[in-house]
Amino acid sequence: MANESTQQTAAEIIALENQVILQTYKRAPFVFERGEGVTLYDTNGKAYLDFAAGIAVNALGYADPEVQAAIEDQAKKLIHVSNLFHTRPQVELAQLLVEKSFADRVFLCNSGTEAIEAAIKFSRKWARTHHPENEQKYEIVSFTGAFHGRTMGALAVTPRESYQAPFRPLMPGVATGKFNDLDSAAQVIGPNTAAVIVEPVQGEGGINSATKEFLQGLRRLCDQNQAALIFDEIQCGLGRTGLLWAHEGLGVTPDLMTLAKPLANGLPIGAVLMTNAVAEVMKPGDHGSTFAANPLVTHVATVVFRRISDPRFLAHVCDVGGYLGESLHRLREQYPAMIHEIRGRGLIWGIDLGVPAADVIQQGYAQGLVTINAGEKVLRLVPPLVITRKNVDTLVEKLGLIFTQMEVVK
Ligand SMILES: Cc1ncc(COP(=O)(O)O)c(C=O)c1O
């Protein structure tokens with residue numbers, strides 16, 4: 001191991017990053033080295049309270065002993081053999097996901113965007129199989145403000161001009177409806193629709209919850225037009241809202257649901273959960289992935305999913321989430337000129353600043369606080385689900401300091 005004198009400094013690492021890494025990210029001006037609980041430490045030993053969780057990934061925080069043990073145990077046994085062979089952890093995970101959801105079957109992959117690609121392929125084949133008479137039945141409908149990923153299929157259903165423009169032509173057969181507007185949805189969903197994809201709570205789009213009426217209306221429109229309903233719960237699912245699934249309690253279930261981010265607490269994984277009606281059209285050879293669902297990642301995901309789906313864990317998310325919501329609304333009363341609107345539930349919240357969030361994020365770094373944006377103007381709070389009320393108090397203190405400073409500058 002390199003000693004102090006031979007280790008690169010943060011400035012050197014950042015300079016080198018600038019030379020050798022493709023510049024697709026604007027990264028923060030420091031280098032993270034380790035994490036513990038809900039705290040991250042940079043190479044200078046500075047501590048940061050983490051309200052980003054690696055973009056809604058590290059649900060159990062950092063250095064969780066059970067996650068560490070799961071990685072170690074499985075790494076000693078078997079990391080990868082490919083999907084040509086059976087392994088126990090993959091089946092254990094799928095069984096749990098099926099038991100705790102609407103779904104009958106699961107497809108496992110490596111990321112959120114891959115789960116979206118798979119869901120698009122499955123629903124297109126499902127529509128084609130059941131409607132061979134309609135060669136046009138391949139359209140996918142998504143909504144304004146949606147974010148479903150960066151690969152070509154997911155990008156096509158992510159209607160943001162700056163993301164799409166450089167990469168046209170996109171996958172054809174995509175229509176966009178207005179989020180939370182059933183009349184608009186009814187105009188774009190029709191006999192040629194194969195699937196409708198929606199986030200029950202939009203993440204990147206600015207933390208916007210779909211209304212119960214909207215999701216129920218989409219279910220109706222899908223049924224009327226024999227189209228599949230896909231819920232993208234990659235960001236809002238798996239306990240983030242305080243319920244295991246964000247669509248729970250809304251009286252509507254999808255035909256497919258995509259998951260990813262927190263499922264293995266930071267190891268790459270994605271999943272598509274589906275009904276048997278969808279599953280039965282897929283045959284060996286229709287889809288696949290070399291790395292997907294390897295024993296290491298699925299064993300860790302099983303451990304993580306057992307923890308997250310425990311009612312006591314979800315009750316904790318509801319409790320701290322409710323407290324976070326109340327605290328943010330109080331903060332808004334204190335800083336009405338800085339905070340435009342507060343949106344969210346559970347532990348997914350957006351502070352709509354009405355101005356670019358980048359300044360607040362930068363000042364957060366100085367205060368030892370990590371947050372991210374959702375779109376340009378919304379400060380997004382998606383902390384590890386294990387945060388405490390005390391962590392919330394610290395967050396509010398730090399944000400208060402930042403807003404006070406900004407008010408003075410204004
Ligand atoms: C709702 C939603 N869908 C899909 C994705 C894409 O996931 P990934 O970045 O793992 O490809 C994201 C990522 O932020 C997301 O929030």
Task: P(r) weight above 42 Å for the chain, C-alpha pairs, percent - done: 13 percent
Task: Overall Cα dimensions of segment 65-308 - principal axes, largest extent first, Å - done: 54, 38, 37
Task: Principal-axis tilt of helix 88-99 within the chain, Cα atoms, nearest 10 degrees - done: 80 degrees
Task: Pairwise Lys count, segment 65-308 - Cα closer than 23 Å, eight or more residues apart or different chains - done: 10
- [ ] Compute the relative contact order of segment 309-406 as a whole-number percentage, counting only Cα pairs closer than 8 Å that sit 6 or more residues apart in sequence.
- [x] 28 percent
Task: Theoretical gain in end-to-end length, N18 to E341 [0.36 nm per residue, Cα-Cα removed] - done: 112.7 nm
Task: Ranked packing of 65-76, 148-159, most packed first, by mean Cβ within 10 Å - done: 148-159, 65-76
- [ ] Please give the helix 389-409 orientation as an angle from the longest Cα principal axis of the chain, in degrees from 0 to 90, rounded to the nearest 10.
- [x] 70 degrees
Task: MRE, 222 nm, helices only [DSSP H, n ≥ 4, -39500 (n - 2.57), over the chain, to nearest 500] - done: -12000 deg cm²/dmol
Open item on the list: Can you give me the angle between helix 10-20 and the longest principal axis of the chain, using Cα atoms only, in degrees from 0 to 90, rounded to the nearest 10?
Closed with: 40 degrees
Task: Karplus (6.51, -1.76, 1.60) ³J(HN,Hα), θ = phi - 60°, over segment 317-327, in Hz, Gly and Pro reported as x - done: 4, 4, 5, 5, x, x, 5, 4, x, 4, 5
Task: Residue order, fewest to most surrounding Cβ atoms within 10 angstrom, among S162, S82 - done: S162, S82
Task: Ranked by how many other beta carbons lie within 10 Å on average, peptides 54-64, 353-363 from highest - done: 54-64, 353-363
Open item on the list: I want to verify a result. In a Gaussian network model of the chain, Cα cutoff 10 Å, which of these has the top mean-square fluctuation: E397, E135, E204?
Closed with: E135
Open item on the list: I need the peptides 29-42, 380-393, 265-278 ranked by packing, meaning the mean over residues of other C-beta atoms within 10 angstrom, with the highest value on top.
Closed with: 265-278, 380-393, 29-42
TODO: Please tell me the relative contact order of segment 95-201 in percent, rounded to the nearest whole number, where contacts are Cα pairs under 8 Å and at least six residues apart.
DONE: 28 percent
Open item on the list: Between segment 343-410 and segment 25-80, how far is it from one alpha carbon centroid to the other, in angstrom?
Closed with: 20 Å
Task: Whole-angstrom gap from segment 144-176 to segment 233-293, using each part's C-alpha centre - done: 20 Å
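Throughout, read-outs are computed from the coordinates displayed, never taken from laboratory work. Quantities reported herein were computed from a predicted structural model and do not represent experimental measurements. Neighbour counts run over all protein chains shown; Cβ positions are idealised from the backbone, glycine included.
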